[in-house]
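Quick notes on the structure that follows.
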Amino acid sequence: MSAYYIRFLTLYIKELRRFTKIPGQTILAPAATTLLFMIIFSTAIGSSRNEFITTDFKTFLFPGLIMMTIIQNAFMNNSSSLLMSKVQGNIVDLLMPPISNFQIIVTFTLVGITRGLTVAIASAIFMFPFVQIEIYNFGIILFFAIISSATLSLIGLLTGIWADKWDHLGTVDNFIIIPLSFLSGTFYSIKILPEFIQKLSLFNPFFYMIDGFRYGFIGSSDVSIMVSIQILILCFIILLFFSYLILQSGYKLRH
C-alpha cells in the first residue's frame, strides 16, 4: 500500500475511533432523541394531517427525522473534532505530517458521512417498531444521505477552523444548523405554508436535502427531484472549493 493511502487511512481511522469510542453519546443518544421526536410529533399533530401529505403521517415524518439527524451529526463530528484539537493544542498533529490539504478535506468528509449514516441507521432501528417504512427508490435515498452528510461535513470543517471556543461552535449550531433543519419541512409539507414563506423556504438548502430524501421513501416531493439534486451538488462543489482555499491559506490553523 502506498504512503498516500496509508496517511489517508491513518487519519480516517483516528477520526473514526474518536466518535466510536463513546457510542452512547455520539450514536445512541441522537437515535433516542430522534425516536422521541417521532413519538411527540406523531402524537401531537398526527391526527391533524393535511391534504398535502399523501401517506401516513409517521411514514411522512420518518425520512425527515432521519435526515435531520444526518445533518446535525455530520456537522457536529467535524466541527467538534477540529475545535477540540485547537483547544487542546494538538492541532499540530494534523498539520505537521505530510498530509495534503485535499487529503484532509476528503478524510474529514468521509468520517462525517460515516457518522451521519451510522446515526441514521441507529435512528431507523429505534423507530422501526413504531412506523411502517416505505422505500420508493433506494438509490435516491442513498444519494441524498451521502451528499447531505458530505455537505454538512464541509460546513462542520469550516466551522471548526473558524471557531476559537465552544461558544462559537454552539452559536453556529443553535442559531443556524438547528433552526434551518427544523424549518426545512422535517415535520410538514411546505405547501401548507403561506406563499411568501414557501418561497423563503426555497432558499434553505436543508429543505432540498429533506425533500429529496423523503422522495426516495414515499415517491412524492414538494419540488422537482432534479432541482434538489442540482442544488445540492452545486452547494457541495462550492463548499469543497472554499474549504480547500481556507486550508491552503492556513487561516486560524497556521497563523
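The values are calculated or read from the model by the stated rules, or taken from the named source; none is laboratory data. Since this is a predicted model, take the numbers as computed values, not measurements. Here the Cβ positions follow ideal geometry from the backbone for every residue, glycine too, while neighbour counts run over all protein chains shown. Surface accessibility is based on the protein's heavy atoms, side chains included, excluding ligands, DNA and RNA. Shrake-Rupley method; radii C 1.70, N 1.55, O 1.52, S 1.80 Å.
Quick rundown of the values:
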{"quantity": "Residue match in the range 99-110 (condition: open to solvent by 40 Å² or more (accessible area, probe 1.4 Å) and not in a helix (DSSP H, G or I))", "calculated": "yes"}
{"quantity": "Condition check for Ser181: open to solvent by less than 40 Å² (accessible area, probe 1.4 Å), part of a helix (DSSP H, G or I) and either at pLDDT below 95 or in contact with a helix residue (DSSP H, G or I) (Cβ under 9 Å, 6 or more places away or on another chain) (or both)", "calculated": "yes"}
{"quantity": "Residues of the range 127-141 satisfying the condition of being at pLDDT 95 or above and either surrounded by 15 or more Cβ atoms within 10 Å (Cβ to Cβ) or closer than 22 Å to Ala32 by Cα (or both)", "calculated": "Ile140, Ile141"}
{"quantity": "Subset of the range 232-255 that is touching a helix residue (DSSP H, G or I) at 6+ places or on another chain (Cβ under 8 Å) and among the aliphatic types (A, V, I, L, M) - its residue that is farthest from Ser100 (Cα to Cα)", "calculated": "Leu232"}
{"quantity": "Candidates Lys14, Lys86, filtered to the one that is more than 27 Å from Ile141 (Cα to Cα), open to solvent by 50 Å² or more (accessible area, probe 1.4 Å), part of a helix (DSSP H, G or I) and at pLDDT 85 or above", "calculated": "Lys14"}
{"quantity": "Residue ID - nearest to Val227 (Cα to Cα), chosen from residues in the range 187-205 that are part of a helix (DSSP H, G or I) and touching a Phe, Trp or Tyr at 6+ places or on another chain (Cβ under 9 Å)", "calculated": "Ser201"}
{"quantity": "Boolean, Leu234 is open to solvent by less than 40 Å² (accessible area, probe 1.4 Å) and over 18 Å from Tyr136 (Cβ atoms)", "calculated": "no"}
{"quantity": "In the range 34-50, the residues that are open to solvent by less than 70 Å² (accessible area, probe 1.4 Å) and either in contact with a Leu (Cβ under 9 Å, 6 or more places away or on another chain) or modelled with pLDDT of 80 or more (or both)", "calculated": "Thr34, Leu35, Phe37, Met38, Phe41, Ser42, Gly46"}
{"quantity": "Residues of the range 152-178 that turn out to be small (Gly, Ala, Ser), assigned to a helix (DSSP H, G or I) and open to solvent by less than 20 Å² (accessible area, probe 1.4 Å), as a count", "calculated": "3"}
{"quantity": "Residues of the range 208-232 that turn out to be acidic (Asp, Glu) and more than 15 Å from the chain's Cα centre (by Cα), as a count", "calculated": "1"}
